[in-house]
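This report concerns only the one structure given below.
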Amino acid sequence: MLDILRRIVQEVSTATDLSDALRVVVARIREAMNTEVCSVYLLDNDTKRYVLMATEGLKQEAVGRVSLTSSQGLVGLVGARAEPINIDDAPSHPKFHFLSETGEDPFNSFLGVPIIHNKRLMGVLVVQQRESRQFDEGEEAFLVTMSAQLAGVIAHAEATGNILELSHKHKRKERKTARFNGAPGSAGVGLGQGYVLMPAADLSTVADKQIDDVDAEVERFEQALESARKEVRHLGSQLSGELRPEEMALFDVYINMLDDNALGAEVNARIREGQWAPGALRQVVMQYVGHFKMMEDVYLRERATDIMDLGVRILAHLEGPTERREDSFPDDCILVSEELTPGMLGEVPPSKLRGLVSVKGSSNSHVAILARAMGIPTVMGVVDLPYAQLHGKDLIVDGYRGILISNPDKDIRQQYQEIFEEEQALQEDLEVLRDEPAETKDGHRIPLWVNTGLLTDALRSLDRGAEGVGLYRTEVPFMMKDRFPSESEQQKIYREQLEMFAPAPVTMRTLDVGGDKALTYFPINEANPFLGWRGVRVTLDHPEIFLVQIRAMLKASAGLDNLRIMLPMISSVSEVDEALHLIYRAHAEVIEEGFDVVMPQVGVMIEVPSAVFQIRDLGLRVDFLSVGSNDLTQYLLAVDRNNPRVADLYQAFHPAVLNALKLIADGAHEVGKPVSVCGELAGNPLGSVLLMAMGYDMLSMNSTNLPKVKSVIRGISHEWAKRLLDQVMQIESAHVIAAMVQLALEKEGFGRIIGPASGRG
Ligand code: PEP
Ligand code: MG
C-alpha cells in the first residue's frame, strides 16, 4: 500500500492542474482498492454545495454538473461529521440521496472520507461498490491517508484559482484578484511587481512566465541545449578511460535525449505556446520524471534522476552568468521566494524593495526581524501560495494583516494606495519627535535604543533619534560573507558601528548562529536545531572563534569606550563564567598588544526558561541583563518561532510570558542590575507599555517602530500603564490581553499609530 501511495502522490504532484490531479487520483484509487467507483466531491464555498469534480465509475457527463447541498446525502453526512462513513447498504440509509444523473443506482457499499486541510473541510472522497460489503480497516486507512495528501493539493490549487476554473469549465479564466493568507511579518503596505527569487538552478521551482518574442526564446533554448550537449560529450570523453562500454553507452542515451526530436522538441513546442524557456523546460522534465518514477522496472525508474540532471544542466546554461543582476529587479520590487533568507534581502537594492513574501517561515523568523528593521512590509508563511507563478504579477503586500493580493482590481489598489500614503504621512508626523525624550506625561523616562545588524539600520536609527544600540546582531555581517570574517575585517565592521553611535553605548552580541540562522560555510545539521548547538554553546565550543570576535570588538572600541558585550542563549551560570573568563583573557591580550581599551560592560540575554529561574545568580555575575523575548516566548510555549503551522500558538501576550517577564524585572532589580528587553515585544507599542509598567529600565527595538513607541509613551502616564498592567495580569487568555491593550490604546487616541489588530495574542 505504501508503495502505491507514494507513487500516486508522486504522480499527482507532477499533474499540470487540479482536474488532471483529481482524474489521476480517482483512477489510481479505484485501481488500487479494486472497487467500481471512486469520486471526489469538493465543497464550493460560495454556494455551500458539494460538486462532483472527478469520478471513475460514474457517468463522466455528471462531472462539474452534479452537486449536493452541504446537508444532502451520505456525502453531506461525511462532511458534517468530519469523519469516515463506511456502510454496506447505502440505499437503505436514511441520509441516502439518489442522484440519477450519475447512474449510481446499484451501488451498495459506500466508504466516504472527509478531505480536510488546516481544520477546513474541502470536500469528500468516496469509493463505492455494487457488492454489499463493509470496506475493511486497511482500506479505510488507505483512503484516509489519500485524502490527507489530496487536501494539500486541493488547497494549493484553490489558492491558484484552479477550482473556479474547473467548475466553469468552458469559460476562460479572467485575470482575477486572488488573496493569500500568511502571517504578518513586518507592518506596512507595499505595492509593486512580483520578482520570484529561486535558489540557483533548482528546476522544480522555476516559475511560469509568458513571453512575447517566441523566436528569440526558441533561439535561447537551442543555444542552451547545444551547450548542454557539448558538456555531456565532454564529460563522456573525459571519463572514457574509466568507464566500461555499457556505462559509456549511457552518455549516448543522454545525447539522444537532448536530441531535437525528443525532450528538446517538446520544450520547443511549449515555448511556441508562449511559455518562457525555463518554464517550458521544467514542465517537460517534470512530466518525464513523473512517468519514469512510475515505472515498475527499477532501471527505468532510476532514469528519472538522469533526466532531472539533464534538465538542471540545461537550466544552468539558460540562466547564464548574468542572471540576477541588480538592474533585473523592477523599481517597485516585491520579492517572493519559497524561503527568504537574509542573504536574499541583500541581493535587491534597498531603494527598489517594496515588499517581501515568503512561503516558509513565520513572523518570528530572523528574516522577518530583518525586514522590520529595514521597514519593508512583509508577509510570511503563505503556505499554499503558488509562488512560482507570481513573477511579474501585480502584487500588494499587506504586512499588517499578513495578506498577499495578486492582480488587485482598481478599487483594492486604490484602497491600499491610500493606506500607503497615510503611512508616509504618519512617518513624517513622527519625525518631529526625533530629539524629544521618551517620557510619560507624569515624568517617567524610559530610554529607547535600537536593534541593528545592517549598516542601513544604523543610519536609519540615527535619523529616528535612538539613544543607543541595545542589540547589534553580529551574525548578520557573518551571514553576508562566504567564510568567517578575519579579526581585522570584524574590527573594521564593528568600528563603523561604534563610531556611528559614539558616545552612545553599542551592545554587541557575540555570534548567535544555529537555530534558523545558518552560515553557508559552517553548516550545522541537526534534528532539533532550536534545542541544539546555538548561540553561546557554539562559541564556547569554539573559543578560537569567540576570542577572535571579542578581540575585534575590544580593538574596535579603542578610544571610544562605548562597547557593551552581550551573551546569547545562556542557560546556566557556568556558561557565563566560562565566557567571562575568555573575555578577560581577550582583554588582557588586547592591552598587551598596546591597545588602550577599558573593560566593557558585559551582559547576559535572558531567552531560556532556566535563565528566568536563575535571574539573581546570573545578575550577580554581570553588569546588565537583556531579555530576548522572541526566544523566551518560543521556549516557554514550546512553539517553534519559525513554523507557520504553529504560528497561532506563538503568543507574545501569553500570560505565562508576561509572568516570566515580571519575574525577570523584579529579580534583576533585587540584585541591583539594570534590565532591558531587546526582543520584538519591546518594539510593539502594545508590548512597550506593559514592559515599561513592569519596571524595565530600557527598551531596544527596530528603528521603524521607535518613533511609534515614543509617541505612545509620551502620550500616556506611567500610572495609567501600571493600572493597565494590573488588569492584564489577572487575565488568562493571550487573545483577550492583546485585545484589551489594543482597545485601551485606541481609546487614548493611538489607533492610527498602533495600526489594526493582527488578531494574535
Ligand atoms: C530574541 O530572541 O528575542 C532576540 C532578540 O534574539 P534573536 O531574535 O536574534 O534570536
Ligand atoms: Mg534570540
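The values are calculated or read from the model by the stated rules, or taken from the named source; none is laboratory data. What you see is a predicted model, and the numbers here were worked out from it, not measured in a lab. Reconstructed Cβ throughout: ideal geometry from the backbone, glycine too, with neighbour counts over all protein chains shown. Please note that ligands, DNA and RNA were not included when accessible areas were found on the heavy atoms of the full protein model with its side chains. Shrake-Rupley method; radii C 1.70, N 1.55, O 1.52, S 1.80 Å.
Among the GluC sites (Glu not before Pro) in the range 712-754, which ones are in a DSSP loop with at most 12 other Cβ atoms within 10 Å of the Cβ? Mind listing them?
Taking the range 712-754 and a limit of 12 other Cβ atoms within 10 Å, the loop GluC sites (Glu not before Pro) found are Glu732.
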| When DSSP assigns beta bridges and you keep just the ones with both residues in the chain, what percent turn out antiparallel, to the nearest 5? | 55 percent
| query | For the range 728-737, what does the Karplus curve 6.51 cos²θ - 1.76 cosθ + 1.60, with θ = phi - 60°, yield as ³J(HN,Hα) per residue in whole Hz, taken in order and with x for Gly and Pro? | reply | 4, 5, 8, 9, 9, 10, 4, 5, 5, 4
| remark: Computed about the Cα centre, the charge dipole of the chain from +1 Lys/Arg and -1 Asp/Glu charges at the Cβ has a magnitude in debye, to the nearest 20, of 1440 debye
| query | Using modelled backbone amide H atoms (1.01 Å from N, in-plane), which distant-in-sequence or interchain residues come within less than 5 Å of Gly123's amide H? | reply | Leu43, Ile115
| request: Taking amide H positions as placed in the peptide plane 1.01 Å from N, state which residues far from Gln72 in sequence (5 or more) or on other chains have amide H under 5 Å from it. | output: none
| query | Considering only protein heavy atoms, what per residue accessible area in square angstrom results for the range 326-423 with a 1.4 angstrom probe? | reply | 35 Å²
| query | Roughly how big is the range 656-733's charge dipole about its Cα centre, with Cβ charges of +1 (Lys, Arg) and -1 (Asp, Glu), in debye to the nearest 20? | reply | 300 debye
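Considering only protein heavy atoms and a probe of 1.4 Å, how much of the accessible area of the chain is carbon and sulfur, as a whole percent?
Solvent-exposed carbon and sulfur of the chain make up 50 percent of the total.
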| Whole-angstrom gap from the range 480-534 to the range 668-695, using each part's C-alpha centre | 25 Å
| task | Please list Phe142, Phe292 in order of solvent-accessible area, largest first, computed with a 1.4 Å probe with all protein chains present. | result | Phe292, Phe142
| request: Distance between Cα centroids, the range 723-755 to the range 355-371: provide it in whole Å. | output: 26 Å
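Rank these residues by their accessible area, most exposed first, probe 1.4 Å: Ser67, Ser703.
Ser67, Ser703
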| remark: For the chain, whose charge dipole is built from +1 on Lys and Arg Cβ atoms and -1 on Asp and Glu Cβ atoms, the candidate among Leu404, Leu567, His587 with its Cα farthest towards the positive end is Leu404
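Given the pairs Lys59/Lys95; Lys708/Lys747; Lys119/Lys393; Lys662/Lys747; Lys352/Lys481; Lys176/Lys517, which span a C-alpha to C-alpha distance of over 27 angstrom in this model?
Lys119/Lys393; Lys176/Lys517
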| task | Sort 538-549, 411-422 for me by packing, meaning the mean count of neighbouring Cβ atoms within 10 Å per residue, highest on top. | result | 538-549, 411-422
| request: Calculate one ³J(HN,Hα) per residue across the range 53-69 by plugging θ = phi - 60° into the Karplus curve 6.51 cos²θ - 1.76 cosθ + 1.60, and present them in order as whole Hz with x for glycine and proline. | output: 9, 6, 8, 10, x, 9, 5, 5, 5, 6, 4, x, 10, 7, 8, 10, 6
| note | Scalar couplings 3J(HN,Hα) for the range 490-499 by Karplus 6.51 cos²θ - 1.76 cosθ + 1.60 (θ = phi - 60°), nearest whole Hz, x for Gly and Pro, are 5, 4, 5, 5, 5, 4, 4, 4, 5, 5
| For the peptides 474-481, 186-193, 585-592, what is the packing order when you average, over each peptide's residues, the other Cβ atoms within 10 Å and list the highest mean first? | 186-193, 474-481, 585-592
| field | Lys, Arg +1 and Asp, Glu -1 on Cβ, resulting dipole of the range 584-727 about Cα centre, debye, nearest 20 | value | 620 debye
| request: Note down the accessible area of Leu531, probe 1.4 Å, to the nearest 10 Å². | output: 120 Å²
| query | Just going by the charge dipole of the range 2-159, with Lys and Arg at +1 and Asp and Glu at -1 on Cβ, which of Gln60, Val124, Ala80 is farthest out on the positive end? | reply | Ala80
| Of the GluC sites (Glu not before Pro) in the range 70-142, those whose Cβ has at most 13 other Cβ within 10 Å and which sit in DSSP loop | Glu131
| For the range 318-449, the fraction of alpha-carbon pairs in successive 10 Å shells from zero, as % | 10, 35, 32, 16, 6, 1, 0
| Using a 1.4 angstrom probe and counting only protein chains, how large is the accessible area of Phe522 in Å², to 10? | 40 Å²
| By average Cβ neighbour count within 10 Å, what is the ranking of 625-631, 725-731, 18-24 from highest down? | 625-631, 18-24, 725-731
| Taking the C-alpha atoms of the range 467-603, convex hull volume expressed per residue in Å³ | 102 Å³
| said: Keeping all protein chains in the complex and leaving out DNA, RNA and ligands, what accessible area do you get for Trp276 with a 1.4 Å probe, in Å² to the nearest 10? | reply: 50 Å²
